[in-house]
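Since the structure comes first, as structure tokens, the remarks are kept for the end.
The values are calculated or read from the model by the stated rules, or taken from the named source; none is laboratory data. This one's a predicted model, so the numbers in the text were calculated from it and none came from an experiment. We place every Cβ from the backbone using ideal geometry, glycine too, and count neighbours over all the protein chains shown.
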Amino acid sequence: MKWFRKIFQGYFKKQITIEVEKNLHRYISDLTEKIFRTIDKLHHQALIFISDEIRTVENILQQTQSDYNRLKEYLEKLQKIKSQVYVG
């Protein structure tokens, strides 16, 4: 039995290394997919938030003429940010 010990140890050491690398690759793939999904969700939420802010400013502009220039600049800034955030 002592003769086979080194053979079995060598074989199983190689197998452990292969299995660890395979499982790490799977784990990293799963994490990467979850990260991308989370980024997409946050991007979508940002677009919704910016669109809502633009609608709010437009409604304010339609209702009153006070601080018109300041609000118009705010609206332009929000539209610029939206065009920068929106990828396609």
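For residue 33, indicate whether it is touching a residue at least 12 places away in the same chain (Cβ under 8 Å) and surrounded by 10 or more Cβ atoms within 10 Å (Cβ to Cβ).
Here the answer is no, as residue 33 does not meet what is asked.
Count, please, the residues in region 15-40 that happen to be within 13 Å of residue 85 (Cα to Cα) and of a type outside the set (A, V, I, L, M).
Result for region 15-40: 1.
Among the residues in region 67-79, are any without any contact (Cβ under 8 Å) to a residue 24 or more places away in the chain, outside any helix (DSSP H, G or I) and surrounded by 10 or more Cβ atoms within 10 Å (Cβ to Cβ)?
The answer is yes; a qualifying residue exists.
I'd like to know if region 40-53 contains one or more residues that are of a type in the set (Gly, Ala, Ser) and at pLDDT 95 or above.
The answer is no; no qualifying residue exists.
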